[in-house]
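Please read the structure below before turning to the comments.
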4 protein chains.
Amino acid sequence: MAMSLKTALRMISAAQNKSEEIGVPMCVAVVDGGGNLIAQHCMDGAMLISQTLSLNKAYTSVATTMATGELAKYSQPGQPFYGVHTCNFGRITIFAGGLPVLDKGGIVGGIGVSGGSSEQDLAVADAGRNAFGN
Amino acid sequence: MAMSLKTALRMISAAQNKSEEIGVPMCVAVVDGGGNLIAQHCMDGAMLISQTLSLNKAYTSVATTMATGELAKYSQPGQPFYGVHTCNFGRITIFAGGLPVLDKGGIVGGIGVSGGSSEQDLAVADAGRNAFGN
Amino acid sequence: MAMSLKTALRMISAAQNKSEEIGVPMCVAVVDGGGNLIAQHCMDGAMLISQTLSLNKAYTSVATTMATGELAKYSQPGQPFYGVHTCNFGRITIFAGGLPVLDKGGIVGGIGVSGGSSEQDLAVADAGRNAFGN
Amino acid sequence: MAMSLKTALRMISAAQNKSEEIGVPMCVAVVDGGGNLIAQHCMDGAMLISQTLSLNKAYTSVATTMATGELAKYSQPGQPFYGVHTCNFGRITIFAGGLPVLDKGGIVGGIGVSGGSSEQDLAVADAGRNAFGN
């Protein structure tokens, strides 16, 4: 299943519901399998930087086929991907909250969330990703 | 009235309806009075460049408090704003399809549309802007 | 048919043959439907700038679903896309030599060629694109 | 012996063979002694970020006349090259998988590989470099 606007909005809606449950305003972005933006919503009161971060997390998860929080572990000083956060003209972000979307083994998109703690962003991204196949 | 996500989505929805009426898939972005993104939707089949252009048009209309199609007139060779399209790290776009949103004299946001001809983009942006006060 | 490395190399090979026939060393790049690079070859003696230009032409043709030489016409002073060449962090190029690759109506990639005159670049890109379906 | 397209493609072919033996799709780039791209292939299924990383690794190995994995050791916090990964507008990458190509003491090019683990990328780059003198 390719990523469509309809699917992206369903994912964003599920993410927003989780964000409201947590009580922290967030930005949520969904990109397709080529890393290109499909849709992005910034909830009232979300931090300005969360616009960039949510988009970058979604892009990063597609570009690396990895959860950004996992990538972060490999990107610390002394680790094999140390320095990756400066790649691709600032589009790589190594904070938790970006998740790749896989379908039948292939990568079809990614979701990125920013606004809260690492755990909160990841929980909201996970809620959004779970709505992909609904 | 400040720009909220709810208002931005109402504007985007009205714009998408107009876009579907015209029959050309488009990207639509709404920014607040600080030029920061509130929401952006790219319809299935929209050109990749329309993602950047719609966002830039919305930003540009706020940054200059002017319709981007009007700005274009002042930005031709020999005109006073010639070269403005290279300002702000590539965030300025001088094609029609970006409109500022004014409320009681002040600028509260902007809408940018890309995907069709200048006339089509402007018509869709206008439909979206008209939904601001609904 | 999605763009594969095998297909891209067949296209590049056909383009290089045409380039050798013309007698001008060129760079040839092929990107997929998301604008991401699949393969690029720079022939011995090609201009340095042709590396960037061939990649940007391929990207631009996908991003705009248009031949770059056509886009150029709409991007002159006074035309509706004037200024587009400064978009997307310098990835948009409006010289002839970039062609979109369409398959069953959808865009699946693009080819970009640089090194000679506009006519030569376009002829080489066309030879490469024709090899897509072989 | 200067780096030619023919030589670069022989190196890339050897690298791809090793990559297939390992069973991980990769991107491979070869640059000349001026750090400029000669050829780049991205195998089907390779990560998007590997396009940038393979090119950057090849460039970095020429720019520093050093294996990127070696450079990484000197680029950790507290080390003399700490911060080098932000140099040259994001073209420096300090992960293993980039190797300089030397000929009679002078640097004539570099090869960069990305897609697998540090050890896998290095093994593939080494296989590619070994094909230089064939």
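Laid out as a table, the results:
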quantity	calculated
Simple Cβ-charge dipole of segment D:16-86, Lys/Arg +1 and Asp/Glu -1, about Cα centre, in debye nearest 20	220
Inter-copy spacing of D:Gly23 label points, which lie 7 Å from Cα along Cα→Cβ, given in nm from shortest upward	4.9, 5.2, 5.3
Within 10 Å of each Cβ in A:37-49, the average number of Cβ atoms from other chains	6
Amide H contacts under 5 Å for A:Met26, placed H, 5+ residues apart	A:Met43
Estimated inter-spin distance, B:Glu70 and A:Asp44, nm [label 7 Å along Cα→Cβ]	2.9
Calculated FRET efficiency for the pair C:Asp103/B:Gln79, C-beta based, R₀ 45 Å, to 0.05	0.60
Mean-position separation - Cα centroids, segment A:64-134 and segment B:47-95, in angstrom	32
Test item: C:89-97 mean partner chain Cβ contacts at 10 Å	2
Under 13 Å, Cβ to Cβ, from B:Gly97 - net charge with Lys/Arg +1 and Asp/Glu -1	-1
Net charge over other residues, Cβ less than 15 angstrom from the Cβ of B:Asn36 (K, R count +1; D, E count -1)	0
Charge dipole magnitude, Cβ of K and R +1, D and E -1 - chain B, Cα centre, debye nearest 20	300
Within the protein assembly as shown: Cβ-based charge dipole about Cα centre, in debye rounded to nearest 20 (Lys, Arg +1; Asp, Glu -1)	280
Whole-Hz couplings from phi, Karplus 6.51/-1.76/1.60, listed for segment A:88-102; x for Gly and Pro	6, 6, x, 8, 8, 10, 10, 9, 4, x, x, 9, x, 10, 10
Which listed pairs, of D:Lys57/D:Lys104; A:Lys6/D:Lys57; A:Lys57/B:Lys18; A:Lys57/D:Lys73, have C-alpha distances above 29 Å, in listed order	A:Lys6/D:Lys57; A:Lys57/B:Lys18
Rounded to whole Hz, the Karplus (6.51, -1.76, 1.60) HN-Hα couplings of segment B:67-82, x for glycine and proline	5, 5, x, 6, 4, 4, 4, 8, 10, 7, x, x, 8, x, 9, 4
Relative contact order of chain B, pairs being alpha-carbon contacts under 8 Å that are 6 or more residues apart, as %	31
Beta carbon of chain D nearest to the axis of the rotation taking D to C, residue and angstrom distance	D:Gln40, 2
Helix-only CD estimate at 222 nm, as mean residue ellipticity for chain B, using -39500 (n - 2.57) per DSSP H run (n ≥ 4)	-13000 deg cm²/dmol
Using θ = phi - 60° and Karplus 6.51 cos²θ - 1.76 cosθ + 1.60, couplings along segment B:31-36 (whole Hz; Gly, Pro as x)	10, 8, x, x, x, 9
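We did not get these values from a lab; they are worked out from the coordinates using the rules stated. All of these numbers come straight from a predicted model, not from anything done at the bench. Here the Cβ is made from the backbone with ideal geometry for all residues, glycine too, and neighbour counts use every protein chain on show.
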